Amino acid sequence: MPKQTKPQVRSGVSPPGSLNPRLQAPHRQLRPASAYVQGILRGDRVLLSQAITLIESTRPAHQQLAREIIDLCLPHSGRSIRIGITGSPGVGKSTFIEALGQHLLEQGRRLAVLAIDPTSKVSKGSILGDKTRMEKLASSEAAFIRPSPAGESLGGVARKTRESIILCEAAGYDTILIETVGVGQSETAVHSMADFFLLLLLPGAGDELQGIKRGIVEMADLIAVNKADGSRLPLARQARQEYRNALHLFPPKESGWTPVADICSATTGLGIAEIWQQAQAYWEKTEKNGYFEHNRRTQAHYWLNEAVNHQLRTAFFQNPEVRDKLKAVEKAVLEGRQSPFQGAEELVALFLKR
């Protein structure tokens with residue numbers, strides 16, 4: 001039997017260096033809240049982005065630091081017009097925002113865009129690609145674009161968007177655009193943090209308001225038929241007239257504002273300046289009649305209740321006794337031995353220790 005020899009191991013090619021040398025770098029040290037606030041107040045977009053990341057973080061230390069930053073920025077906020085923009089997927093929200101944003105920058109305004117990206121129910125991930133779709137706007141020093149994942153929030157609005165608005169206002173952005181995922185039943189979330197609500201629609205998408213939830217249309221201060229160019233222009237004009245006719249059927253708004261229907265094209269610029277003029281007219285009207293401040297106070301009350309609900313829900317599911325009992329109650333409910341309402345009552349009673 002031939003004598004076996006050990007295999008010779010030759011030295012291979014040395015591994016290439018990292019494409020991102022900073023990848024293995026230790027985590028960035030957190031700054032004190034005052035350092036973030038000082039950077040935000042002087043318009044530092046890097047520190048503003050880092051502060052918003054802290055707001056979106058679920059780590060307790062980050063949440064505490066974020067609360068301190070928000071409290072310090074609060075006295076410097078509130079001096080902007082907040083515009084919520086919604087519409088079904090494919091209506092051209094990002095392209096429209098870039099066209100409107102370019103117009104605003106030409107007017108000497110400073111713009112922040114808070115774009116909410118849908119979160120996958122399967123992978124829990126988001127693309128967060130709005131900066132790539134708003135290339136010109138993203139390159140401007142007077143504009144700040146922040147895509148955020150919608151997470152579990154209803155209506156496609158990230159739960160922390162309202163706090164991000166406060167930071168953007170403190171950084172000197174006088175116009176805040178909030179882009180939502182799309183038309184949904186809980187679009188009231190964006191309505192409750194915006195001063196002016198804009199609904200984008202497509203030409204030739206249906207007769208009158210078919211397929212569009214009445215509640216969303218009732219909330220809209222302006223309906224804009226987008227992509228009104230080329231062969232779609234006649235369709236857009238027809239749709240505009242149909243929407244104008246339909247808007248007369250809705251009850252008067254508490255703001256005293258009469259909703260408007262118009263056409264626009266983000267590619268040709270048609271109607272973009274007119275839409276901004278309507279937003280300014282709304283702002284002036286509601287400031288004069290006192291509705292603007294009334295609405296801001298109403299929104300603050302709404303978000304107080306939302307924050308309380310979130311804190312209670314978090315405390316409930318983090319309670320050790322509830323967590324120990326939850327699986328048994330879920331099993332009993334799924335097997336039909338207990339009703340969901342009895343199970344909930346039992347868990348809440350355990351949480352409250354009645």
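The values are calculated or read from the model by the stated rules, or taken from the named source; none is laboratory data. Computed from a predicted model, the values in this text were never measured in an experiment. Every residue, glycine as well, gets a Cβ built from its backbone with ideal geometry; the counts of neighbours run over all protein chains shown.
Checked against (1) in a loop (DSSP other than H, G, I, E, B); (2) in contact (Cβ under 8 Å) with a residue 60 or more places away in the chain, GLY336 meets all criteria but (2).
In summary, GLN278 fulfils each of the numbered conditions (1) in a helix (DSSP H, G or I); (2) surrounded by 15 or more Cβ atoms within 10 Å (Cβ to Cβ); (3) modelled with pLDDT under 95 with the single exception of condition (3).
Please determine whether any residue of the stretch 9-21 is exposed (fewer than 14 other Cβ atoms within 10 Å of the Cβ), part of a helix (DSSP H, G or I) and modelled with pLDDT of 60 or more. The answer is no; no qualifying residue exists. Checked against the criterion of being assigned to a loop (DSSP other than H, G, I, E, B) and under 18 Å from the mean Cα position of the chain (by Cα), the candidates GLY84, GLY90, GLY43 yield just one match: GLY90. Taking the criterion of being farther than 15 Å from LYS353 by Cα and either acidic (Asp, Glu) or part of a loop (DSSP other than H, G, I, E, B) (or both), the only residue of the stretch 315-333 that qualifies is GLU330.
Which one is farthest from ILE83 (Cα to Cα), of the residues in the stretch 216-250 that are part of a loop (DSSP other than H, G, I, E, B) and in contact (Cβ under 8 Å) with a residue 24 or more places away in the chain? Ranking the qualifying residues of the stretch 216-250, first place goes to ASP229.
Matching residues to (1) assigned by TED's automatic domain parsing to the domain that holds PRO203; (2) closer than 26 Å to ARG296 by Cβ; (3) surrounded by fewer than 17 Cβ atoms within 10 Å (Cβ to Cβ):
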{"position": "MET219", "(1), (2), (3)": "yes, yes, no"}
{"position": "ARG237", "(1), (2), (3)": "yes, no, yes"}
{"position": "ARG240", "(1), (2), (3)": "yes, no, no"}
{"position": "PRO259", "(1), (2), (3)": "yes, yes, no"}
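Candidates in the stretch 284-341 are the residues that are over 26 Å from GLY256 (Cβ atoms) and of a type in the set (Gly, Ala, Ser); of these, the one that is surrounded by the most Cβ atoms within 10 Å (Cβ to Cβ) is ALA332.
Quick check: is even one residue across the stretch 131-151 modelled with pLDDT under 65, of a type in the set (Gly, Ala, Ser), more than 21 Å from LEU72 (Cα to Cα) and in contact with a helix residue (DSSP H, G or I) (Cβ under 7 Å, 6 or more places away or on another chain)? Taking every residue of the stretch 131-151 in turn, at least one turns out to be modelled with pLDDT under 65, of a type in the set (Gly, Ala, Ser), more than 21 Å from LEU72 (Cα to Cα) and in contact with a helix residue (DSSP H, G or I) (Cβ under 7 Å, 6 or more places away or on another chain). Looking only at the stretch 46-65, which residues are free of Cβ contacts under 8 Å to residues at least 60 places away in the same chain and either assigned to a helix (DSSP H, G or I) or at positive phi (or both)? Within the stretch 46-65, VAL46, LEU47, GLN50, THR53, LEU54, PRO60, ALA61, HIS62, GLN63, GLN64, LEU65 qualify.
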